[in-house]
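Only one structure is covered here, and it is reproduced in the block below.
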Amino acid sequence: MNCSISGEVPEEPVVSTKSGLLFEKRLIERHISDYGKCPVTGEPLTTDDIIPVKTGKIVKPRPVQAASIPGMLGMFQIEWDGLMLSNFALEQQLHTARQELSHALYQHDAACRVIARLKKERDEARELLAQAERQVPMAATTSAANGAALSYGKRAAEEEEMDPGSKKICPGILGDVIKELQDCNAALSQQRKSDRIRHTPDDILKSPSNIAINSKDIPATLAPVDALKRYTQLNSYPLHKTNKPGILSLDIHYPKDIIATGGVDSTAVVFDLPSGQIVSTLSGHSKRVTSVRFAAEGELVVTGSADKTVRVWQNSENGNYDCRHTLKDHSAEVQAVTVHATNKYFVSASLDGTWCFYDLASGVCLAQVADASESEGYTSAAFHPDGLILGAGTSGAQVKIWDVKSQANVAGFEGHVGAVTAISFSENGYFLAVSILLQNELLMTILLPASMEFDHSGNYLALGGSDIRVYQVASVKVRLEFHQNPPRLVRHMLAFSLLLFLPICPFDGKATCLKFGPDAKYIAVGSMDRNLRIFGLPEEDQSES
(Lines give C-alpha, C1' and ligand atoms only; values in the text may rest on other atoms or scores of the structure.)
Protein backbone atom coordinates (compact mmCIF):
# COMPACT_ATOMS: atom_id res chain seq x y z
CA MET A 1 0.00 0.00 0.00
CA ASN A 2 1.21 3.46 -0.88
CA CYS A 3 0.88 6.88 0.75
CA SER A 4 -1.99 8.94 -0.72
CA ILE A 5 0.27 12.02 -0.77
CA SER A 6 3.68 10.80 -1.96
CA GLY A 7 2.59 7.65 -3.77
CA GLU A 8 5.40 5.71 -2.10
CA VAL A 9 5.41 3.00 0.54
CA PRO A 10 5.21 4.83 3.89
CA GLU A 11 7.75 4.22 6.61
CA GLU A 12 5.29 5.20 9.40
CA PRO A 13 1.84 4.56 7.95
CA VAL A 14 -1.27 6.14 9.50
CA VAL A 15 -4.95 5.85 8.56
CA SER A 16 -7.58 8.58 8.61
CA THR A 17 -10.66 7.56 10.68
CA LYS A 18 -12.87 9.77 8.50
CA SER A 19 -11.77 8.80 5.01
CA GLY A 20 -9.89 5.53 5.62
CA LEU A 21 -6.97 6.69 3.45
CA LEU A 22 -3.36 5.71 4.15
CA PHE A 23 -0.73 8.42 4.66
CA GLU A 24 2.90 8.89 5.64
CA LYS A 25 2.72 10.16 9.20
CA ARG A 26 5.16 13.09 8.83
CA LEU A 27 3.52 14.27 5.59
CA ILE A 28 -0.08 14.24 6.85
CA GLU A 29 0.87 15.90 10.14
CA ARG A 30 2.58 18.74 8.26
CA HIS A 31 -0.42 19.10 5.96
CA ILE A 32 -2.85 19.18 8.90
CA SER A 33 -0.74 21.83 10.69
CA ASP A 34 -0.75 23.97 7.53
CA TYR A 35 -4.31 23.50 6.26
CA GLY A 36 -6.33 21.57 8.88
CA LYS A 37 -8.09 19.36 6.34
CA CYS A 38 -7.69 16.11 4.41
CA PRO A 39 -5.52 16.56 1.31
CA VAL A 40 -7.68 14.20 -0.73
CA THR A 41 -11.30 14.72 0.37
CA GLY A 42 -10.95 18.23 1.75
CA GLU A 43 -12.84 17.35 4.96
CA PRO A 44 -11.70 18.91 8.25
CA LEU A 45 -9.04 16.73 9.81
CA THR A 46 -7.02 16.83 13.06
CA THR A 47 -4.16 14.76 14.42
CA ASP A 48 -6.65 12.98 16.68
CA ASP A 49 -8.40 11.64 13.57
CA ILE A 50 -5.39 9.61 12.35
CA ILE A 51 -4.48 6.18 13.73
CA PRO A 52 -1.01 4.60 13.32
CA VAL A 53 -0.83 1.23 11.56
CA LYS A 54 1.51 -1.40 12.91
CA THR A 55 3.60 -3.07 10.15
CA GLY A 56 6.81 -4.98 9.85
CA LYS A 57 10.09 -3.35 8.75
CA ILE A 58 9.75 -2.19 5.20
CA VAL A 59 12.56 -2.72 2.72
CA LYS A 60 12.17 -0.44 -0.27
CA PRO A 61 12.50 -2.30 -3.53
CA ARG A 62 15.22 -1.19 -5.94
CA PRO A 63 13.95 0.75 -8.97
CA VAL A 64 13.94 -1.27 -12.12
CA GLN A 65 15.95 1.37 -14.00
CA ALA A 66 18.82 1.19 -11.49
CA ALA A 67 19.04 -2.56 -11.65
CA SER A 68 21.16 -2.61 -14.80
CA ILE A 69 23.74 -0.52 -16.65
CA PRO A 70 21.42 0.25 -19.61
CA GLY A 71 18.79 1.42 -17.15
CA MET A 72 21.27 3.71 -15.41
CA LEU A 73 22.39 5.10 -18.78
CA GLY A 74 18.78 5.79 -19.60
CA MET A 75 18.33 7.66 -16.31
CA PHE A 76 21.45 9.73 -17.03
CA GLN A 77 20.19 10.48 -20.53
CA ILE A 78 16.88 11.69 -19.13
CA GLU A 79 18.68 13.95 -16.62
CA TRP A 80 20.96 15.31 -19.36
CA ASP A 81 17.99 16.07 -21.62
CA GLY A 82 16.27 17.89 -18.77
CA LEU A 83 19.41 19.91 -18.11
CA MET A 84 19.71 20.88 -21.76
CA LEU A 85 16.06 21.92 -21.92
CA SER A 86 16.47 24.01 -18.77
CA ASN A 87 19.60 25.65 -20.20
CA PHE A 88 17.77 26.40 -23.47
CA ALA A 89 14.93 28.01 -21.54
CA LEU A 90 17.41 30.18 -19.60
CA GLU A 91 19.09 31.30 -22.84
CA GLN A 92 15.72 32.27 -24.28
CA GLN A 93 14.95 34.28 -21.15
CA LEU A 94 18.37 36.02 -21.40
CA HIS A 95 17.80 36.88 -25.07
CA THR A 96 14.39 38.32 -24.25
CA ALA A 97 15.85 40.37 -21.39
CA ARG A 98 18.55 41.74 -23.70
CA GLN A 99 15.98 42.76 -26.28
CA GLU A 100 13.90 44.51 -23.65
CA LEU A 101 17.00 46.30 -22.30
CA SER A 102 18.04 47.40 -25.80
CA HIS A 103 14.57 48.73 -26.48
CA ALA A 104 14.56 50.61 -23.16
CA LEU A 105 17.97 52.16 -23.89
CA TYR A 106 16.81 53.20 -27.37
CA GLN A 107 13.75 54.86 -25.87
CA HIS A 108 15.95 56.62 -23.30
CA ASP A 109 18.32 57.90 -25.99
CA ALA A 110 15.41 59.12 -28.11
CA ALA A 111 13.93 60.89 -25.09
CA CYS A 112 17.29 62.59 -24.36
CA ARG A 113 17.53 63.77 -27.97
CA VAL A 114 14.02 65.18 -27.85
CA ILE A 115 14.78 66.96 -24.57
CA ALA A 116 18.01 68.42 -25.99
CA ARG A 117 16.18 69.64 -29.10
CA LEU A 118 13.45 71.21 -26.99
CA LYS A 119 16.04 72.95 -24.80
CA LYS A 120 17.79 74.28 -27.88
CA GLU A 121 14.52 75.57 -29.30
CA ARG A 122 13.72 77.13 -25.93
CA ASP A 123 17.10 78.92 -25.80
CA GLU A 124 16.67 80.18 -29.36
CA ALA A 125 13.19 81.44 -28.53
CA ARG A 126 14.54 83.25 -25.48
CA GLU A 127 17.27 84.89 -27.57
CA LEU A 128 14.72 86.01 -30.16
CA LEU A 129 12.51 87.37 -27.41
CA ALA A 130 15.45 89.26 -25.86
CA GLN A 131 16.35 90.73 -29.26
CA ALA A 132 12.74 91.76 -29.81
CA GLU A 133 12.61 93.42 -26.40
CA ARG A 134 15.78 95.36 -27.23
CA GLN A 135 14.42 96.44 -30.59
CA VAL A 136 11.13 97.82 -29.25
CA PRO A 137 12.65 100.81 -27.39
CA MET A 138 15.21 101.25 -30.17
CA ALA A 139 12.51 101.69 -32.80
CA ALA A 140 10.96 104.48 -30.73
CA THR A 141 14.23 106.45 -30.74
CA THR A 142 15.00 106.10 -34.45
CA SER A 143 16.53 109.26 -35.86
CA ALA A 144 14.36 110.98 -38.48
CA ALA A 145 17.48 112.35 -40.18
CA ASN A 146 19.03 109.15 -41.35
CA GLY A 147 16.57 106.47 -40.28
CA ALA A 148 19.36 103.88 -40.14
CA ALA A 149 21.78 105.27 -37.56
CA LEU A 150 20.88 105.57 -33.91
CA SER A 151 22.72 106.57 -30.78
CA TYR A 152 25.23 103.84 -30.03
CA GLY A 153 24.19 101.10 -27.66
CA LYS A 154 20.80 100.74 -29.46
CA ARG A 155 19.78 98.97 -32.64
CA ALA A 156 18.16 100.68 -35.57
CA ALA A 157 14.71 99.50 -36.50
CA GLU A 158 15.85 99.05 -40.07
CA GLU A 159 18.91 96.98 -39.12
CA GLU A 160 17.09 93.77 -39.87
CA GLU A 161 16.61 94.89 -43.48
CA MET A 162 19.02 93.43 -46.00
CA ASP A 163 20.82 95.21 -48.81
CA PRO A 164 21.24 93.60 -52.25
CA GLY A 165 24.40 91.89 -50.98
CA SER A 166 22.39 90.21 -48.22
CA LYS A 167 24.34 91.95 -45.49
CA LYS A 168 23.05 93.88 -42.50
CA ILE A 169 23.08 97.66 -42.75
CA CYS A 170 25.66 99.01 -40.28
CA PRO A 171 25.27 102.58 -38.93
CA GLY A 172 29.03 103.22 -39.09
CA ILE A 173 31.58 104.55 -36.61
CA LEU A 174 30.28 108.07 -36.17
CA GLY A 175 31.36 111.20 -34.34
CA ASP A 176 30.55 110.38 -30.73
CA VAL A 177 32.29 107.01 -30.93
CA ILE A 178 35.32 108.52 -32.70
CA LYS A 179 35.56 111.21 -30.01
CA GLU A 180 35.45 108.54 -27.31
CA LEU A 181 38.23 106.60 -29.07
CA GLN A 182 40.34 109.75 -29.45
CA ASP A 183 39.89 110.72 -25.80
CA CYS A 184 41.00 107.24 -24.74
CA ASN A 185 43.98 107.47 -27.11
CA ALA A 186 45.00 110.86 -25.70
CA ALA A 187 44.77 109.67 -22.10
CA LEU A 188 46.77 106.49 -22.71
CA SER A 189 49.38 108.28 -24.82
CA GLN A 190 49.87 110.95 -22.15
CA GLN A 191 50.25 108.28 -19.47
CA ARG A 192 52.78 106.45 -21.61
CA LYS A 193 54.77 109.61 -22.30
CA SER A 194 54.95 110.43 -18.61
CA ASP A 195 56.56 107.03 -18.00
CA ARG A 196 58.99 107.23 -20.92
CA ILE A 197 62.64 108.29 -20.57
CA ARG A 198 63.34 110.88 -23.25
CA HIS A 199 66.64 112.23 -24.55
CA THR A 200 66.99 115.60 -26.27
CA PRO A 201 69.37 116.18 -29.21
CA ASP A 202 71.61 118.19 -26.82
CA ASP A 203 71.91 115.14 -24.57
CA ILE A 204 72.96 113.02 -27.52
CA LEU A 205 75.50 115.59 -28.79
CA LYS A 206 77.06 115.73 -25.34
CA SER A 207 77.35 111.93 -25.25
CA PRO A 208 78.16 110.54 -28.70
CA SER A 209 78.31 106.99 -27.36
CA ASN A 210 75.32 104.75 -27.72
CA ILE A 211 72.38 105.85 -25.61
CA ALA A 212 69.87 103.28 -24.38
CA ILE A 213 66.33 104.46 -24.83
CA ASN A 214 63.95 102.36 -22.76
CA SER A 215 60.40 102.25 -23.99
CA LYS A 216 59.20 102.33 -20.39
CA ASP A 217 60.61 102.16 -16.89
CA ILE A 218 60.62 98.61 -15.62
CA PRO A 219 57.85 98.34 -12.99
CA ALA A 220 59.09 97.64 -9.48
CA THR A 221 56.65 94.73 -9.14
CA LEU A 222 57.70 93.05 -12.39
CA ALA A 223 59.22 89.59 -12.01
CA PRO A 224 63.02 89.99 -12.30
CA VAL A 225 65.08 88.23 -14.93
CA ASP A 226 66.80 85.96 -12.40
CA ALA A 227 63.44 84.73 -11.13
CA LEU A 228 62.03 84.18 -14.60
CA LYS A 229 65.02 82.02 -15.56
CA ARG A 230 64.02 79.58 -12.81
CA TYR A 231 60.42 79.19 -13.91
CA THR A 232 59.14 75.62 -14.04
CA GLN A 233 55.76 73.94 -14.35
CA LEU A 234 53.74 74.43 -11.16
CA ASN A 235 50.36 72.92 -12.05
CA SER A 236 48.38 71.36 -14.88
CA TYR A 237 44.59 71.55 -15.07
CA PRO A 238 42.52 69.45 -17.54
CA LEU A 239 39.67 71.84 -18.38
CA HIS A 240 38.05 70.57 -21.58
CA LYS A 241 36.47 67.32 -22.77
CA THR A 242 38.58 64.27 -23.54
CA ASN A 243 36.75 63.28 -26.73
CA LYS A 244 37.75 66.59 -28.39
CA PRO A 245 40.88 67.75 -26.54
CA GLY A 246 42.66 71.00 -27.21
CA ILE A 247 42.82 74.61 -25.96
CA LEU A 248 42.98 77.17 -28.79
CA SER A 249 42.86 80.50 -26.94
CA LEU A 250 43.13 81.95 -23.45
CA ASP A 251 42.88 85.27 -21.64
CA ILE A 252 43.53 86.39 -18.06
CA HIS A 253 41.56 88.83 -15.92
CA TYR A 254 44.47 90.20 -13.89
CA PRO A 255 42.73 91.64 -10.76
CA LYS A 256 41.22 88.27 -9.82
CA ASP A 257 43.61 85.84 -11.58
CA ILE A 258 40.70 84.33 -13.52
CA ILE A 259 41.59 82.54 -16.77
CA ALA A 260 39.23 81.97 -19.70
CA THR A 261 40.04 79.25 -22.25
CA GLY A 262 38.44 78.36 -25.58
CA GLY A 263 38.56 74.73 -26.67
CA VAL A 264 38.12 72.37 -29.59
CA ASP A 265 35.12 70.88 -27.75
CA SER A 266 33.09 74.04 -28.68
CA THR A 267 33.04 75.34 -25.10
CA ALA A 268 34.81 78.08 -23.19
CA VAL A 269 35.83 77.60 -19.56
CA VAL A 270 36.24 80.31 -16.90
CA PHE A 271 38.80 79.06 -14.37
CA ASP A 272 39.70 80.55 -10.98
CA LEU A 273 43.46 80.04 -10.60
CA PRO A 274 43.84 80.76 -6.83
CA SER A 275 41.25 78.13 -5.89
CA GLY A 276 41.97 75.77 -8.81
CA GLN A 277 38.23 75.46 -9.54
CA ILE A 278 36.16 75.91 -12.71
CA VAL A 279 33.86 78.91 -12.25
CA SER A 280 31.68 78.41 -15.31
CA THR A 281 31.51 76.43 -18.56
CA LEU A 282 30.22 78.48 -21.51
CA SER A 283 28.26 76.16 -23.80
CA GLY A 284 26.48 77.42 -26.90
CA HIS A 285 28.85 77.31 -29.85
CA SER A 286 28.45 74.39 -32.23
CA LYS A 287 32.12 74.27 -33.31
CA ARG A 288 35.53 74.98 -31.79
CA VAL A 289 36.06 78.23 -29.90
CA THR A 290 38.95 79.97 -31.64
CA SER A 291 39.29 83.13 -29.53
CA VAL A 292 38.26 84.30 -26.06
CA ARG A 293 38.68 87.69 -24.32
CA PHE A 294 37.60 89.26 -21.02
CA ALA A 295 35.87 92.66 -21.07
CA ALA A 296 34.24 95.12 -18.68
CA GLU A 297 36.41 94.24 -15.67
CA GLY A 298 35.78 90.53 -16.09
CA GLU A 299 31.99 90.87 -16.08
CA LEU A 300 31.81 89.98 -19.79
CA VAL A 301 33.51 87.32 -21.88
CA VAL A 302 33.65 87.56 -25.69
CA THR A 303 34.13 84.35 -27.69
CA GLY A 304 34.63 83.74 -31.40
CA SER A 305 34.01 80.38 -33.00
CA ALA A 306 34.38 78.36 -36.17
CA ASP A 307 30.57 78.26 -36.32
CA LYS A 308 30.76 81.83 -37.80
CA THR A 309 29.32 83.47 -34.68
CA VAL A 310 30.53 85.71 -31.88
CA ARG A 311 28.95 85.42 -28.44
CA VAL A 312 29.00 87.86 -25.53
CA TRP A 313 28.62 86.23 -22.12
CA GLN A 314 27.68 88.12 -18.94
CA ASN A 315 28.47 87.14 -15.38
CA SER A 316 25.34 86.42 -13.35
CA GLU A 317 24.63 86.51 -9.64
CA ASN A 318 25.21 82.76 -9.22
CA GLY A 319 28.70 83.05 -10.75
CA ASN A 320 27.83 81.49 -14.10
CA TYR A 321 28.23 83.30 -17.41
CA ASP A 322 25.03 83.50 -19.48
CA CYS A 323 24.90 84.27 -23.20
CA ARG A 324 23.85 87.90 -23.68
CA HIS A 325 24.36 88.34 -27.44
CA THR A 326 24.82 85.97 -30.37
CA LEU A 327 26.27 87.88 -33.34
CA LYS A 328 25.99 86.39 -36.83
CA ASP A 329 27.52 89.04 -39.08
CA HIS A 330 30.29 86.84 -40.52
CA SER A 331 29.92 84.28 -43.29
CA ALA A 332 32.99 82.21 -42.39
CA GLU A 333 34.92 81.10 -39.32
CA VAL A 334 35.66 83.78 -36.73
CA GLN A 335 39.37 83.53 -35.97
CA ALA A 336 39.99 86.35 -33.49
CA VAL A 337 38.28 88.80 -31.14
CA THR A 338 40.04 91.75 -29.50
CA VAL A 339 38.63 94.24 -26.97
CA HIS A 340 39.27 97.99 -27.18
CA ALA A 341 40.97 99.79 -24.29
CA THR A 342 37.71 101.63 -23.45
CA ASN A 343 36.09 98.27 -22.64
CA LYS A 344 33.07 99.48 -24.62
CA TYR A 345 33.88 98.13 -28.08
CA PHE A 346 35.46 95.07 -29.61
CA VAL A 347 36.47 93.75 -33.03
CA SER A 348 36.04 90.31 -34.56
CA ALA A 349 38.09 89.07 -37.54
CA SER A 350 36.97 86.27 -39.83
CA LEU A 351 38.11 84.09 -42.70
CA ASP A 352 35.44 85.79 -44.83
CA GLY A 353 37.92 88.67 -45.28
CA THR A 354 36.10 91.17 -43.04
CA TRP A 355 36.45 92.58 -39.55
CA CYS A 356 33.50 93.91 -37.55
CA PHE A 357 33.50 96.73 -35.00
CA TYR A 358 30.87 96.10 -32.28
CA ASP A 359 29.33 98.03 -29.44
CA LEU A 360 29.89 95.75 -26.45
CA ALA A 361 26.80 96.73 -24.45
CA SER A 362 24.18 96.31 -27.16
CA GLY A 363 25.89 93.92 -29.57
CA VAL A 364 25.34 96.32 -32.49
CA CYS A 365 27.71 95.90 -35.44
CA LEU A 366 28.72 99.51 -36.08
CA ALA A 367 30.93 98.69 -39.07
CA GLN A 368 31.88 95.68 -41.15
CA VAL A 369 35.06 96.39 -43.08
CA ALA A 370 36.30 94.41 -46.08
CA ASP A 371 39.45 94.93 -48.11
CA ALA A 372 38.53 94.77 -51.78
CA SER A 373 42.12 93.99 -52.76
CA GLU A 374 42.43 91.08 -50.33
CA SER A 375 41.00 87.67 -51.20
CA GLU A 376 42.42 85.92 -48.15
CA GLY A 377 40.66 85.83 -44.79
CA TYR A 378 41.85 87.15 -41.44
CA THR A 379 43.46 84.71 -39.02
CA SER A 380 44.43 87.05 -36.15
CA ALA A 381 43.78 90.59 -34.88
CA ALA A 382 44.82 92.88 -32.04
CA PHE A 383 44.24 96.51 -31.05
CA HIS A 384 47.18 98.87 -30.66
CA PRO A 385 47.58 99.80 -26.97
CA ASP A 386 46.25 103.31 -27.68
CA GLY A 387 43.20 101.97 -29.49
CA LEU A 388 43.16 103.90 -32.77
CA ILE A 389 45.03 101.27 -34.78
CA LEU A 390 44.02 97.68 -35.49
CA GLY A 391 46.55 95.08 -36.58
CA ALA A 392 45.22 92.07 -38.50
CA GLY A 393 47.02 89.03 -39.91
CA THR A 394 45.75 87.15 -42.94
CA SER A 395 45.95 83.61 -44.21
CA GLY A 396 47.82 85.06 -47.19
CA ALA A 397 50.92 85.81 -45.06
CA GLN A 398 50.24 89.56 -44.71
CA VAL A 399 49.89 91.91 -41.77
CA LYS A 400 47.55 94.85 -42.32
CA ILE A 401 47.34 97.99 -40.21
CA TRP A 402 43.94 99.68 -40.13
CA ASP A 403 42.90 103.14 -38.95
CA VAL A 404 39.83 102.45 -36.83
CA LYS A 405 38.37 105.96 -37.24
CA SER A 406 38.30 105.91 -41.05
CA GLN A 407 38.38 102.12 -41.51
CA ALA A 408 41.25 102.65 -43.98
CA ASN A 409 44.16 100.30 -44.56
CA VAL A 410 47.09 102.60 -43.75
CA ALA A 411 49.99 100.13 -43.83
CA GLY A 412 50.88 96.53 -44.59
CA PHE A 413 53.74 94.12 -44.11
CA GLU A 414 54.42 91.38 -46.63
CA GLY A 415 57.11 88.78 -47.14
CA HIS A 416 56.04 86.35 -44.45
CA VAL A 417 55.77 82.60 -44.89
CA GLY A 418 52.42 81.03 -44.07
CA ALA A 419 49.35 82.34 -42.30
CA VAL A 420 49.74 84.85 -39.48
CA THR A 421 48.50 82.79 -36.52
CA ALA A 422 49.01 85.37 -33.76
CA ILE A 423 49.74 89.07 -33.45
CA SER A 424 50.85 91.11 -30.42
CA PHE A 425 51.69 94.78 -29.86
CA SER A 426 54.32 95.76 -27.34
CA GLU A 427 53.07 97.92 -24.49
CA ASN A 428 55.01 100.94 -25.74
CA GLY A 429 53.10 100.78 -29.00
CA TYR A 430 56.25 100.82 -31.16
CA PHE A 431 56.75 97.12 -31.84
CA LEU A 432 54.54 94.46 -33.35
CA ALA A 433 55.30 90.73 -33.19
CA VAL A 434 53.63 88.04 -35.28
CA SER A 435 53.92 84.28 -34.93
CA ILE A 436 55.44 83.35 -38.29
CA LEU A 437 58.92 83.39 -39.84
CA LEU A 438 59.87 87.07 -39.73
CA GLN A 439 62.19 88.57 -42.34
CA ASN A 440 64.33 91.53 -41.23
CA GLU A 441 61.70 92.75 -38.78
CA LEU A 442 63.20 91.47 -35.54
CA LEU A 443 66.80 90.62 -34.73
CA MET A 444 65.96 86.97 -34.27
CA THR A 445 64.65 83.92 -36.14
CA ILE A 446 61.40 82.42 -34.90
CA LEU A 447 60.65 78.90 -36.10
CA LEU A 448 56.91 79.10 -36.70
CA PRO A 449 55.54 79.40 -33.16
CA ALA A 450 51.82 78.82 -32.79
CA SER A 451 51.42 81.80 -30.44
CA MET A 452 53.31 84.86 -29.29
CA GLU A 453 52.65 87.39 -26.53
CA PHE A 454 54.36 90.41 -24.95
CA ASP A 455 53.95 90.80 -21.21
CA HIS A 456 52.03 93.83 -19.95
CA SER A 457 55.19 95.87 -19.40
CA GLY A 458 56.69 95.05 -22.82
CA ASN A 459 59.93 93.76 -21.28
CA TYR A 460 59.38 90.06 -22.03
CA LEU A 461 58.22 88.20 -25.11
CA ALA A 462 56.96 84.59 -24.90
CA LEU A 463 56.70 82.14 -27.80
CA GLY A 464 54.71 78.92 -27.75
CA GLY A 465 54.86 76.01 -30.15
CA SER A 466 56.62 72.68 -29.87
CA ASP A 467 58.34 74.29 -26.87
CA ILE A 468 58.02 77.47 -24.80
CA ARG A 469 60.61 80.24 -24.98
CA VAL A 470 60.76 83.52 -23.12
CA TYR A 471 62.95 86.38 -24.35
CA GLN A 472 63.96 89.60 -22.69
CA VAL A 473 63.29 92.58 -24.94
CA ALA A 474 66.52 94.56 -25.01
CA SER A 475 66.66 98.35 -25.06
CA VAL A 476 66.69 100.11 -28.40
CA LYS A 477 70.13 101.55 -29.20
CA VAL A 478 70.73 104.80 -31.07
CA ARG A 479 73.98 106.33 -32.24
CA LEU A 480 74.96 109.62 -33.77
CA GLU A 481 76.77 109.58 -37.14
CA PHE A 482 79.05 112.62 -37.26
CA HIS A 483 80.11 112.08 -40.88
CA GLN A 484 76.64 113.15 -41.95
CA ASN A 485 75.92 116.85 -42.37
CA PRO A 486 73.97 117.56 -40.28
CA PRO A 487 74.70 114.70 -37.83
CA ARG A 488 72.04 111.96 -38.10
CA LEU A 489 70.56 109.64 -35.48
CA VAL A 490 70.52 105.98 -36.51
CA ARG A 491 68.35 103.47 -34.62
CA HIS A 492 69.65 99.93 -34.22
CA MET A 493 67.55 96.78 -34.56
CA LEU A 494 65.55 95.53 -31.58
CA ALA A 495 67.50 92.76 -29.80
CA PHE A 496 66.30 89.79 -27.77
CA SER A 497 67.94 87.62 -25.13
CA LEU A 498 66.72 84.08 -24.46
CA LEU A 499 65.87 83.69 -20.77
CA LEU A 500 63.84 80.51 -20.55
CA PHE A 501 63.43 77.35 -22.60
CA LEU A 502 60.76 74.87 -21.55
CA PRO A 503 60.32 71.71 -23.64
CA ILE A 504 56.88 70.12 -23.94
CA CYS A 505 56.35 66.36 -23.95
CA PRO A 506 55.78 65.30 -27.59
CA PHE A 507 52.78 63.22 -26.51
CA ASP A 508 51.06 66.32 -25.12
CA GLY A 509 50.93 68.24 -28.41
CA LYS A 510 52.16 71.74 -29.10
CA ALA A 511 51.35 74.87 -27.09
CA THR A 512 48.63 76.76 -28.96
CA CYS A 513 48.25 79.85 -26.76
CA LEU A 514 49.99 81.53 -23.85
CA LYS A 515 49.81 84.68 -21.76
CA PHE A 516 51.80 86.29 -18.96
CA GLY A 517 50.15 86.65 -15.59
CA PRO A 518 50.13 89.92 -13.59
CA ASP A 519 53.67 91.39 -13.48
CA ALA A 520 54.87 88.25 -15.31
CA LYS A 521 54.60 86.30 -12.03
CA TYR A 522 53.56 83.24 -14.00
CA ILE A 523 52.88 82.09 -17.57
CA ALA A 524 49.63 80.35 -18.50
CA VAL A 525 49.93 77.96 -21.45
CA GLY A 526 47.18 76.07 -23.30
CA SER A 527 47.98 73.05 -25.45
CA MET A 528 46.30 70.43 -27.61
CA ASP A 529 46.09 67.88 -24.78
CA ARG A 530 43.30 69.99 -23.13
CA ASN A 531 45.55 70.94 -20.20
CA LEU A 532 46.09 74.46 -18.88
CA ARG A 533 49.66 74.60 -17.58
CA ILE A 534 50.96 77.19 -15.15
CA PHE A 535 54.70 77.95 -15.21
CA GLY A 536 56.20 80.02 -12.43
CA LEU A 537 58.65 80.19 -9.59
CA PRO A 538 58.42 77.33 -7.04
CA GLU A 539 57.40 78.31 -3.51
CA GLU A 540 60.81 77.59 -2.02
CA ASP A 541 62.43 79.86 -4.60
CA GLN A 542 59.83 82.57 -3.93
CA SER A 543 60.77 82.63 -0.24
CA GLU A 544 64.44 82.96 -1.17
CA SER A 545 63.67 85.78 -3.59
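If you take the residues of the stretch 5-38 that are in contact with a Phe, Trp or Tyr (Cβ under 8 Å, 6 or more places away or on another chain) and modelled with pLDDT of 90 or more, which of them is most open to solvent (accessible area, probe 1.4 Å)? So that I can check it myself, show each step before the final result.
Initially, the stretch 5-38 is screened for residues in contact with a Phe, Trp or Tyr (Cβ under 8 Å, 6 or more places away or on another chain), giving 5, 10, 13-16.
With the extra rule that they be modelled with pLDDT of 90 or more, the set shrinks to 13-16.
Working: PRO13: 13, VAL14: 3, VAL15: 44, SER16: 4 Å².
Among those that are in contact with a Phe, Trp or Tyr (Cβ under 8 Å, 6 or more places away or on another chain) and modelled with pLDDT of 90 or more, it is VAL15.
Condition check ((1) within 10 Å of the chain's Cα centre (by Cα); (2) more than 30 Å from TYR358 (Cα to Cα)) across all residues:
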{"residue": "THR232", "(1), (2)": "no, yes"}
{"residue": "HIS240", "(1), (2)": "yes, no"}
{"residue": "LYS256", "(1), (2)": "no, no"}
{"residue": "GLY263", "(1), (2)": "yes, no"}
{"residue": "SER266", "(1), (2)": "yes, no"}
{"residue": "GLN277", "(1), (2)": "no, yes"}
{"residue": "ARG288", "(1), (2)": "yes, no"}
{"residue": "GLY298", "(1), (2)": "no, no"}
Q. If only one of THR261, THR290, THR338 is hydroxyl-bearing (Ser, Thr, Tyr), modelled with pLDDT of 90 or more, assigned to a strand (DSSP E or B) and more than 21 Å from ALA370 (Cα to Cα), which one is it?
A. THR261
Q) If you go through the stretch 322-338, how many residues are in contact (Cβ under 8 Å) with a residue 40 or more places away in the chain and farther than 19 Å from LEU128 by Cα? A) 7
Q: State whether the residues of the stretch 385-402 include one that is of a type in the set (Asp, Glu), in contact with a Pro (Cβ under 9 Å, 6 or more places away or on another chain) and closer than 22 Å to PHE516 by Cβ.
A: no
Q. Of the residues that make up the stretch 177-200, is at least one closer than 30 Å to LYS328 by Cβ, modelled with pLDDT of 85 or more and either aromatic (Phe, Trp, Tyr) or open to solvent by 70 Å² or more (accessible area, probe 1.4 Å) (or both)?
A. yes
Q: Give the stretch 264-278 a look and list any residue that's assigned to a loop (DSSP other than H, G, I, E, B) and among the charged types (D, E, K, R), or say none.
A: ASP265
Q) Restricting the search to the stretch 402-422, which residues are open to solvent by 20 Å² or more (accessible area, probe 1.4 Å) and either in contact (Cβ under 8 Å) with a residue 40 or more places away in the chain or hydrophobic (A, V, I, L, M, F, W, C) (or both)? A) LYS405, GLN407, ALA408, VAL410, ALA411, PHE413, VAL417, ALA419, THR421
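Provide a single number: the residues in the stretch 341-371 that are part of a strand (DSSP E or B) and either surrounded by fewer than 18 Cβ atoms within 10 Å (Cβ to Cβ) or without any contact (Cβ under 8 Å) to a residue 12 or more places away in the chain (or both). It would help to see each step written out before you state the result.
As a first pass, look at the stretch 341-371 and keep what is part of a strand (DSSP E or B): 345-350, 354-359, 365-370.
Subsequent filtering for residues that are either surrounded by fewer than 18 Cβ atoms within 10 Å (Cβ to Cβ) or without any contact (Cβ under 8 Å) to a residue 12 or more places away in the chain (or both) retains 370.
Total satisfying the criteria: 1.
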Q | Any hit, the stretch 344-366, residues being of a type in the set (A, V, I, L, M), more than 25 Å from LYS287 (Cβ to Cβ) and modelled with pLDDT of 90 or more | A | yes
Q) Limited to the stretch 225-258, what total is found for residues that are small (Gly, Ala, Ser), touching a strand residue (DSSP E or B) at 6+ places or on another chain (Cβ under 6 Å) and either open to solvent by 70 Å² or more (accessible area, probe 1.4 Å) or assigned to a helix (DSSP H, G or I) (or both)? A) 0
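The values are calculated or read from the model by the stated rules, or taken from the named source; none is laboratory data. Nothing here was measured: the structure is a model prediction, and the numbers come from that model. Reconstructed Cβ throughout: ideal geometry from the backbone, glycine too, with neighbour counts over all protein chains shown. Heavy atoms of the whole protein, side chains included, go into the accessibility calculation; ligands, DNA and RNA do not. Shrake-Rupley method; radii C 1.70, N 1.55, O 1.52, S 1.80 Å.
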